[in-house]
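The block underneath contains the structure these notes are about, expressed in structure tokens.
Taken together, the values in this text are just the output of simple stated rules run on the coordinates, not laboratory data. Being a predicted model, the structure only gives us computed values, none of them experimental. FYI the Cβ positions are ideal-geometry reconstructions off the backbone, even for glycines, and counts take in every protein chain you see.
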Amino acid sequence: MISSLGMILEDTLLTHGHTMPTENYSQVSRIIMGHVHPVFFDEDSILNGQRVWVSIKTQKQNIFPSESGDLEIIIVPSFNRYFYATKKKAYKKSISPIIEKIKGELSAKIVTLDGTIIGDESLLSQVI
């Protein structure tokens, strides 16, 4: 059992994503989080309703004000194929303080479960 704030493995913070990491974790270069569980929504696409990975690059000081440099944030999709919304009207976005802190100051890559890159930061509003 670990704290809800997460745990550090080498230079990676593993966290649920529903809380803001403290400065105690500021030495990390990567955050891997769940909580948001992104799903791609575009009714004109054959990928509509598919679970996706999101990889975000942002400045570390957006999360850890006393630090500088780059920070990678990886948002993990739901691994349970029966426990996620496939229709936008049934999907309830989860709010993450980590995501709220980095809005607007990032680059992103959106990737399907099979590894196909389907978009960049311009599609973030369709997945998180």
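Some points to look at:
- Counting 0.36 nm for each residue step from SER4 to HIS16 and taking away their Cα separation leaves a gain of 3.6 nm.
- Only Cα pairs under 8 Å and 6+ residues apart enter the sum, and on that basis the relative contact order of segment 7-126 stands at 27 percent.
- Beta bridges by DSSP in the chain, antiparallel share as percent, to the nearest 5: 70 percent
- Measuring r between the beta carbons of SER29 and THR116 and using R0 = 41 Å, the FRET efficiency lands at 0.95.
- A Stokes-Einstein calculation at 37 °C with viscosity 0.692 mPa s, built on the Kirkwood radius of segment 7-126 over Cα pairs, returns a diffusion coefficient of 222 µm²/s.
- The smallest convex shape that holds all Cα atoms of segment 1-54, its convex hull, gives 101 Å³ per residue.
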